[in-house]
Amino acid sequence: MTSSVLDLAPVVPVVVLEDAADAVPLARALVAGGLPAIEVTLRTAAALDAIRAIAAEVPDAVVGAGTVISPGNVSDTVAAGARFLVSPGWTDALLDAMQGSGLPFLPGVSTTSEVVALLERGVTGMKFFPAEAAGGTAYLKALSAPLPQARFCPTGGISLASAPSYLALPNVGCVGGSWMVPGDAVAARDWGRVERLAAEAAALGA
């Protein structure tokens, strides 16, 4: 297991599941398409069961938890089998809990001050969120000169078309997105379509 989420895969699917029964077939489709690192967001009641199912039944997947916003979320997701943690933002209490979990984690930032504060705490890998709304590639490019030690996983509004411009930046390790798990495909349980979209996304890192 890599020590950094940024080195798991070039693209991390951000998954919202309403039904935990969909977790295993969805994860298998993403892995088959070449995207083994899967962020299941804690936005639904099914999320913890989904993480538990993927951890138990899809050994080739590296399942993580997203939308981690409290120390309680950290302990719940670790217990469910999450192998990495991602938050949209951070506080000292949340950062302490994520660091204490022993898992790779990405705390979310959208300002220079937040980046500097994390660097002060010894954290160099971060989620840049919401990427498009917070300034996109131009913002990240501007950060690279004064803060070259910070590396990012931009997430939020990124598409297959825009991902390459992020991945080309020296301070971007991977991107997060949901375009390869569209809601209509998940609702229709069209796992073949999910696998095809995942394969397109995985090719970005080739």
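The values are calculated or read from the model by the stated rules, or taken from the named source; none is laboratory data. Every value quoted in this text rests on a predicted model; they were computed, and no experiment measured them. Note: ideal-geometry Cβ built from the backbone for every residue, glycine included; neighbour counts use all protein chains shown.
To keep it simple, each residue is scored yes or no on (1) modelled with pLDDT of 95 or more; (2) closer than 22 Å to SER70 by Cα; (3) in a helix (DSSP H, G or I).
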position: ALA117; (1), (2), (3): yes, yes, yes
position: GLY122; (1), (2), (3): yes, yes, no
position: ALA138; (1), (2), (3): yes, no, yes
position: LEU147; (1), (2), (3): yes, no, no
position: PRO154; (1), (2), (3): yes, yes, no
position: VAL181; (1), (2), (3): yes, no, no
Practice prompt. For the range 58-67, indicate whether the set of residues that are in a loop (DSSP other than H, G, I, E, B), under 20 Å from CYS153 (Cα atoms) and either modelled with pLDDT of 95 or more or touching a Pro at 6+ places or on another chain (Cβ under 6 Å) (or both) is non-empty.
Written response: yes
Discussion item. Any residue at all in the range 93-103 that's within 16 Å of the chain's Cα centre (by Cα) and more than 16 Å from SER4 (Cβ to Cβ)?
Written reply: no
Item to complete: Consider only pairs whose beta carbons are under 9 Å apart and that are at least six residues apart or on different chains; among these, list those whose first residue lies in the range 10-24 and is crowded, with 24+ Cβ neighbours inside 10 Å and whose second residue is basic (Lys, Arg) and not in a loop (DSSP other than H, G, I, E, B).
Response: ALA23/ARG52
Item to complete: For VAL109, state whether it is free of Cβ contacts under 8 Å to residues at least 60 places away in the same chain, surrounded by 17 or more Cβ atoms within 10 Å (Cβ to Cβ) and on the phi < 0 side of the Ramachandran plot.
Response: yes
Response to the item:
Only one of (1) closer than 16 Å to MET126 by Cα; (2) surrounded by fewer than 19 Cβ atoms within 10 Å (Cβ to Cβ); (3) touching a strand residue (DSSP E or B) at 6+ places or on another chain (Cβ under 9 Å) does not apply to ASP76, and that is (1)
Worksheet item: free of Cβ contacts under 8 Å to residues at least 24 places away in the same chain and either among the aromatic types (Phe, Trp, Tyr) or in contact with a Lys or Arg (Cβ under 8 Å, 6 or more places away or on another chain) (or both): does that describe TYR139?
Response: yes
Worksheet item: Which of the following residues is touching a Lys or Arg at 6+ places or on another chain (Cβ under 9 Å), acidic (Asp, Glu) and over 19 Å from VAL181 (Cβ atoms): ASP22, ASP60, ASP92?
Response: ASP92
Discussion item. Given the criteria touching a residue at least 40 places away in the same chain (Cβ under 8 Å) and part of a helix (DSSP H, G or I), does GLU195 qualify?
Written reply: yes
Worksheet, complete the sentence: MET98 fails exactly one of (1) outside any helix (DSSP H, G or I); (2) within 22 Å of ALA61 (Cβ to Cβ), namely (1)
Fill in: Set ARG189, ARG151: member being surrounded by fewer than 16 Cβ atoms within 10 Å (Cβ to Cβ), touching a residue at least 24 places away in the same chain (Cβ under 8 Å) and either in contact with a helix residue (DSSP H, G or I) (Cβ under 8 Å, 6 or more places away or on another chain) or within 17 Å of THR137 (Cα to Cα) (or both)
ARG189
Item to complete: Determine, yes or no, whether PRO71 is surrounded by fewer than 24 Cβ atoms within 10 Å (Cβ to Cβ) and in contact with a helix residue (DSSP H, G or I) (Cβ under 7 Å, 6 or more places away or on another chain).
Response: yes
